[in-house]
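Read-outs throughout are calculated quantities, based only on the coordinates presented, and are distinct from any laboratory measurement. Please read these numbers as outputs of a predicted model, since none were measured by experiment. Positions of Cβ are generated from backbone atoms using ideal geometry, with glycine treated the same way; all protein chains shown enter the neighbour counts.
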Amino acid sequence: MSIQSEFRKLNYLTFRNIKLYFKDKMTFLVSLITPLILLVLFIVFLKSTYEDSLLSITQGFNLDQNIINAFTGGWLFSSVLATSCITVAFCSGMMVIDKINNASIDFMVSPVKKSTLQLSYVLANLFSTLIIAFVLLAIGLIYLACVGFYLSFVDFLLIIFTIVITSLFGTILANIIWSFTRSQGVVSGVCTLVSALYGFICGAYMPINTLGKGMQNFVSLLPGTYSTVLFRQGFLNGTLNEMKKTLPQEMVDAIATAFDTKMTFFGHEVSTLALILVITISSIILLGVFVLINSFKKNAKSQTKKRPNCKN
Amino acid sequence: MNIIEIKNLKKYFGNTKAVDDISFSVKEGELFAFLGLNGAGKSTTINILVGVLKRDSGDCFVNNLSVDEISKILPHIGIVFQSSVLDKNLSVYDNLRYRAMLYGMNKKEFEINLEYFLDKLDLRQILKKQLDKLSGGQKRKVDVVRALLHKPKILILDEPTTGLDPKTRKLVWDMINEFRKTTNLTVLLTTHYMEEASVADNVVIIDGGKIVAEGSPLELKNKFANDFIKAYKYSKDIFTILNKANIPYQKNKNCLQIKFKNTNAAKNFLVENTSLFEDIEIVKGSMDDVFLTVTGKKLKENV
């Protein structure tokens, strides 16, 4: 079987998986629970809470309303993207759904390599997550353009990179878990748990700085936190630079720390490059684990399948 | 030429002997029926043939290739499962297209192959419909098209017409038969319907993982089923003869059914007692009788 033919199969299987995810309204809605919760929280009280918090820090200075709007808006959309890249990745996987619906048996009796099928699940998962993330980014950019836009090109590139690497991280992590189950209950449970919890532990619902010291140390061990801070930097660096025109450097630094655009690891400040390296290396390690798991499963299967009395 | 050969196949699940040392072969182009109750070992055998299950021992060859080389075998096989395994949220067209691409078909080849089935199975108007919006019969037709779209050499039908109305069942079989005529397709069938098994070229009956009978339906009926004389107009003196000779019979509303071991016994009885009968027919035993004789179980009770 040629590589070209296998690549074509991969292409179609990936496209099928993406289509199935977007056609399954229930799965689609569940994966968007976290951004929807955030949006509701933002409309109900987060916007005013953070505005008040910002105004209390900048008391005595006349901070432009556009900057305040851009800051709260940037904080919202950095939270939305930080959570969505993980929750959508967890909830858009077709691997287990295929196992439940027995489509996986249909693929087992079709001339397609298991590795091609597995890769199609990962790619579809990744692309579905990226599609949603970029739609959310577009909404965020339109919103910021309406209320106050201070993003530079570098900020924009940082956001794009963080979307891609966080989605990849979430996708591989989800697929590692899905490799071990064929139960709808496990999928629903994990999706609900991730959707509900991830917003808290990555600092999306409230700044990490407001958490207790122990919790702060704990979340600094999770790679997802590093991507959240990268999103914060992408969305808020421009606004913080704009604030520097009105506010003293120390005050801007205090805002940056309070709202998670700076991160410390057991007291040491983590640079942007280090943030990027942590999430990138974590993704590479997870990819290695995923490949190992699949090759182990494949070897285990072929060893038990081989019989001494076979003709060929 | 044998297209499927199974030799001393064994598959145990713990202490359960799902398939216990069975051997049989299927000739190219024939309709081969695999009969057995639920749990007899039919599906296990099929799953081993298509690489879904591993065998414990024995040899399986499909198209002269061992099932260890399953990737070379699968392009030549089409399967209709007991229940649909297609994507219920996708349209009929998308389902068929995505599956066809797995066999290396490009869009043009797919469209040409699909066209063959559209009118034959009345699929044109449901092509854009989502699969879960279709009736059971329509879904089954799509399953059959999915299995035949890549023009396989072997079609495996795992109880394909269960739950279908007689009209759709006939439609599905007409299409499979036409495909068999034009492409020399081999069909391996598992079924609960005796009328489907009775038109097969060869039948294997499996019970408790072992083959208990095999041969053509005629051979099986001759060997394992009784013959009957059905008398519609007859003299009442016949009862005296039957009772005296201890020949089993059953008197129904419309006819008298007299049971004989074989056709010769029935023929001899008729010759000896011609004057007692006015309107009769000699009927061969059914596959149900064969099944009952070889397994001691009634097939329909288990369905």
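For beta carbons closer than 6 Å, sequence separation of 6+ or different chains, a first residue in region A:183-209 that is touching a residue at least 40 places away in the same chain (Cβ under 8 Å) and a second that is surrounded by fewer than 23 Cβ atoms within 10 Å (Cβ to Cβ) and not in a helix (DSSP H, G or I), the qualifying pairs are A:Gly199/A:Tyr205.
In the set (1) within 15 Å of A:Val135 (Cα to Cα); (2) without any contact (Cβ under 8 Å) to a residue 40 or more places away in the chain, the condition left unmet by A:Ser56 is number (1). Scanning region B:160-200 for residues that are closer than 24 Å to B:Leu149 by Cα and among the charged types (D, E, K, R) yields B:Asp165, B:Lys167, B:Arg169, B:Lys170, B:Asp174, B:Glu178, B:Arg180, B:Lys181, B:Glu196.
Could you please let me know if B:Phe269 is surrounded by 15 or more Cβ atoms within 10 Å (Cβ to Cβ) and over 17 Å from B:Val212 (Cα atoms)? Spelling it out, B:Phe269 is indeed surrounded by 15 or more Cβ atoms within 10 Å (Cβ to Cβ) and over 17 Å from B:Val212 (Cα atoms).
Counting only strands (runs of 3 or more DSSP E) that sit completely within region B:25-96, zero hold 3 or more residues that are more than 30 Å from B:Lys297 (Cα to Cα), at the interface with another protein chain (Cβ under 8 Å from one of its Cβ atoms) and in contact with a Cys (Cβ under 8 Å, 6 or more places away or on another chain).
For A:Thr87, state whether it is closer than 20 Å to A:Thr171 by Cβ, among the hydroxyl-bearing types (Ser, Thr, Tyr) and in a helix (DSSP H, G or I). For A:Thr87, the condition - closer than 20 Å to A:Thr171 by Cβ, among the hydroxyl-bearing types (Ser, Thr, Tyr) and in a helix (DSSP H, G or I) - is met. Only residues that are under 28 Å from the mean Cα position of the chain (by Cα) and surrounded by fewer than 20 Cβ atoms within 10 Å (Cβ to Cβ) were counted in region B:98-113, giving 1. Can you pull out the residues in region B:207-237 that are surrounded by fewer than 19 Cβ atoms within 10 Å (Cβ to Cβ) and part of a helix (DSSP H, G or I)? If the condition is that a residue be surrounded by fewer than 19 Cβ atoms within 10 Å (Cβ to Cβ) and part of a helix (DSSP H, G or I), then B:Leu218, B:Glu219, B:Asn222, B:Lys223 are the ones that fit. Taking the criterion of being of a type in the set (A, V, I, L, M, F, W, C) and crowded, with 17+ Cβ neighbours inside 10 Å, the residues of region A:22-36 that qualify are A:Val30, A:Leu32, A:Ile33.
Being at the interface with chain B (Cβ under 7 Å from one of its Cβ atoms) and touching a residue at least 12 places away in the same chain (Cβ under 8 Å) is the filter here; which residues of region A:81-117 pass it? Residues satisfying the conditions are A:Pro111, A:Val112.
Looking at region A:43-83, which of its residues are of a type in the set (D, E, K, R) and under 16 Å from A:Asn241 (Cβ atoms)?
Result: A:Asp64, single match.
The requirement of being more than 10 Å from chain A (Cβ to nearest Cβ) and either farther than 18 Å from B:Leu185 by Cα or not in a helix (DSSP H, G or I) (or both) is not satisfied by B:Gly104. Considered as a group, the residues in region A:155-176 that are of a type in the set (Val, Ile, Thr) and free of Cβ contacts under 8 Å to residues at least 40 places away in the same chain include one that is surrounded by the most Cβ atoms within 10 Å (Cβ to Cβ), and that residue is A:Val164.
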